[in-house]
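Contents: one structure, followed by commentary.
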Amino acid sequence: MADVLVVVDHVDGVVRKPTLELLTIARRLGEPVAVFLGAGVERAAPVLAEHGAVRVLAVDAPQFAEYLVVPKVDALQAAAKVVAPVAVLVASSGEGKEVAARLALRLGSGLITDAVDVRAGAEGPVATQSAFAAAFSTTSRVSAGVPVITVKPNSAPVEPAAAAGAVEELAVAFGELATGTKVVSRTARQSTGRPELTEAAIVVSGGRGVGGADNFPLIEALADALGAAVGASRAAVDAGWYPHSNQVGQTGKTVSPQLYIANGISGAIQHRAGMQTSKTIVAVNKDPEAPIFDLVDYGVVGDLFQVLPQLTDAITTHKG
Ligand code: FAD
């Protein structure tokens with residue numbers, strides 16, 4: 001069976017969820033071969049094996065942490081040479097897309113970014129992308145070289161599928177360009193204890209209807225009851241009620257969770273662009289004519305100050 005390279009996204013060997021989703025997709029196309037770069041493979045390998053990785057090609061080198069993406073591209077190029085894959089799958093993060101683009105160039109291949117689905121096709125993998133503020137879905141396939149495809153988080157379920165996951169050392173000769181851009185300092189982001197917005201299975205968002213920064217704890221309480229990430233509309237972040245890094249929409253982040261709960265958000269096209277591929281959409285809005293209701297699976301016409309505390313209490317009680 002054909003091999004499919006899956007680039008592992010991890011933090012010190014803790015595999016991030018989008019990688020497990022890529023393994024699900026890789027199994028539709030062939031046999032997943034994971035490429036693990038950096039330290040911690042002993043921690044990651046069992047998890048990768050449990051999710052279908054037949055082999056794990058690993059290389060640890062200081063270059064990955066000390067320099068920007070080029071060392072990773074060198075390593076992936078070496079992996080592609082060893083495996084001759086039918087596709088390379090990368091998570092659609094900022095870094096993932098840069099690595100994928102550089103790799104595609106090196107391999108003389110076509111690149112598809114931000115796929116929301118990938119399926120096997122008669123002439124190679126077929127990717128679905130969501131275009132023009134998610135108003136259209138397009139399907140495409142790479143016609144030259146080894147398809148390099150970046151896939152958005154939450155585009156496939158995480159499915160356990162035991163495989164050998166044998167770890168093999170990958171030999172990499174770093175090129176001159178690998179040490180071109182040195183990382184001189186790092187600042188750890190302060191943890192909120194909540195999942196990363198773009199990866200979360202559930203997102204609870206607040207908009208102008210929340211009425212002020214002091215009321216955002218209502219949104220956070222519901223998010224915490226559900227184990228969700230917190231999002232916000234641009235109106236809310238522009239008013240300084242919540243950080244810009246939490247903005248969902250055309251000029252913010254694109255999310256595609258299993259469940260999106262919009263509270264006090266009208267549903268402007270620019271907001272929809274960032275969330276309308278969510279699997280199930282719920283809105284709480286006191287205006288029955290709000291455009292967000294055209295989009296939802298479940299709508300609550302009501303005042304969020306009454307609805308949210310009751311919802312949070314009900315969920316907390318239900319969880320026992
Ligand atoms: P509003 O449109 O003011 O809606 C507030 C809603 O809250 C109303 O529907 C109201 O009925 C409801 N409400 C009020 N009080 C309550 C209550 N007590 N209980 C329940 N409901 C209540 N917007 C984004 O979100 N993300 C983007 O990335 C983005 N990018 C943009 C890019 C460009 C180029 C432009 C021009 C605009 C962009 N916008 C973006 C802005 C967008 O057009 C809207 O202005 C914005 O999304 C509105 O935010 P909102 O829904 O929170 O506020």
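If each Cα of the stretch 235-320 is one equal point scatterer, what is log10 of I(q)/I(0) from the Debye formula at q = 0.12, 0.17 Å⁻¹?
Log10 I(q)/I(0), no solvent term: -0.37, -0.75.
Of the options 57, 83, 115, report the single residue whose Cα projects farthest towards the positive end of the charge dipole of the stretch 47-121 (beta-carbon charges: Lys, Arg +1; Asp, Glu -1).
Working it through, the farthest residue towards the positive pole turns out to be 83.
Sort 184, 204 so that the residue with the fewest other Cβ atoms within 10 Å of its own Cβ comes first and the one with the most comes last.
Least crowded to most crowded, the residues run 184, 204.
Run lengths n ≥ 4 of DSSP H only: what is the helix-derived mean residue ellipticity at 222 nm for the chain, with -39500 (n - 2.57) per run over all residues, to the nearest 500?
The helix contribution divided over the chain gives -8500 deg cm²/dmol.
Comparing 54, 255, 83, which has the greatest mean-square fluctuation in the GNM of the chain with Cα pairs linked when under 10 Å apart?
83
Going by amide H atoms built from the backbone, whose H comes under 5 Å of the H on residue 9, apart from near neighbours?
Hits under the 5 Å cutoff: 16, 19.
Which residue, 180, 207, 30, has the most motion in a Gaussian network model of the chain that connects Cα atoms within less than 10 Å?
It is 180.
How large is the translational diffusion coefficient of the chain in µm² per second when you combine the Kirkwood radius over alpha carbon pairs with Stokes-Einstein at 37 °C and 0.692 mPa s?
158
So for the chain: antiparallel DSSP bridges make up what percent, rounded to the nearest 5?
20
Which whole-angstrom value gives the distance between the alpha carbon centres of the stretch 254-294 and the stretch 193-218?
Computed from Cα coordinates, the inter-centre distance equals 13 Å.
What residue among 19, 192, 138 shows peak mean-square fluctuation when the chain is described by a Gaussian network model with Cα springs under 10 Å?
The residue with the greatest mean-square fluctuation here is 192.
We did not get these values from a lab; they are worked out from the coordinates using the rules stated. Everything numeric in this text was worked out from a predicted model, so none of it was measured. Cβ coordinates were reconstructed from backbone atoms using ideal geometry, including for glycine residues, and neighbour counts include every protein chain displayed.
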